[in-house]
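Everything below concerns the one structure shown next.
Each reported figure results from applying straightforward, stated rules to the coordinates on display, with no laboratory input. Owing to the predicted nature of the structure, the values given are computational and were not obtained by experimental measurement. Neighbour counts run over all protein chains shown; Cβ positions are idealised from the backbone, glycine included.
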Amino acid sequence: MQATQLKAGVWRIDLSGFLDAATVSRMESQFTQLMPVDGHDVIVDLGGVEYCGSLGIRMLLVAAKLVKQRGGRMVLSSPRAQMQLLIDTVRLGHLIPVAPSLEEAQALLG
C-alpha cells in the first residue's frame, strides 16, 4: 500500500493483492491513517487488487465516510474485471464513484 500526492489536494492510494479477512484485519488501520485531512480528495487505485471480500468492501466504505467527514471526496480507480463485477454486484458505485482509469478518476474530482 502506497500513498502519493498527485497534485495539491489530491492523493492516490494504491491497493494490491487480496483484500480478504486476514489481509484487511492487518492493513485497515494503516489504510485509514493514509486518508488525508483538511478536505483533500483521494483516489484509491484498485488496479492491483486480485480479490476483495466483504471486509475489503467495508474497509472502502469506512474510508469513503472518513474522507467525506473531513471535507474531501473519494473515487475508486482502475478496477480489474473481477473487481468491477463485484462493485456492480454490491452496487458500491452508488456510494463511491468508480472510474475505469486514473485519468478519469482525476477528471471526476475536477
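Label-to-label distance, Ala81 versus Gln30, with points set 7 angstrom from Cα along the beta-carbon direction: 3.1 nm. For region 36-110, relative contact order (Cα pairs under 8 Å, six or more residues apart, normalised by length) works out to 39 percent. Among the trypsin sites (Lys or Arg not before Pro) in region 34-103, those located in a DSSP loop and surrounded by at most 11 other Cβ atoms within 10 Å of their own Cβ are Arg91.
By how many nm would the segment from Leu95 to Lys68 lengthen if fully extended, with 0.36 nm per residue of separation less the alpha-carbon distance? Provide the component values of the computation, followed by the final result.
On the way: separation 27, 0.36 × 27 = 9.72 nm, distance 1.15 nm.
Gain on stretching Leu95 to Lys68: 8.6 nm.
Placing +1 on the Cβ of every Lys and Arg and -1 on the Cβ of every Asp and Glu, with no other charges, gives region 2-109 a dipole of roughly 300 debye about its Cα centre.
Gain on full extension, evaluated as 0.36 nm per residue between Asp88 and Ala3 minus their Cα-Cα distance, stands at 28.0 nm. Taking other C-beta atoms within 10 Å as the exposure proxy, His94, His40 rank His94, His40 from fewest upward. Extension gain for Phe18-Arg58 works out to 13.0 nm (0.36 nm per residue, less the C-alpha to C-alpha distance). With R₀ fixed at 25 Å, the C-beta to C-beta distance from Leu102 to Glu50 puts the FRET efficiency at about 0.85.
For region 1-68, the relative contact order comes to 40 percent (Cα pairs under 8 Å, sequence separation of at least 6).
Its residue count N fixes a reference of 2.2 N^0.38 Å for the chain, and the Cα radius of gyration divided by that reference is 0.95.
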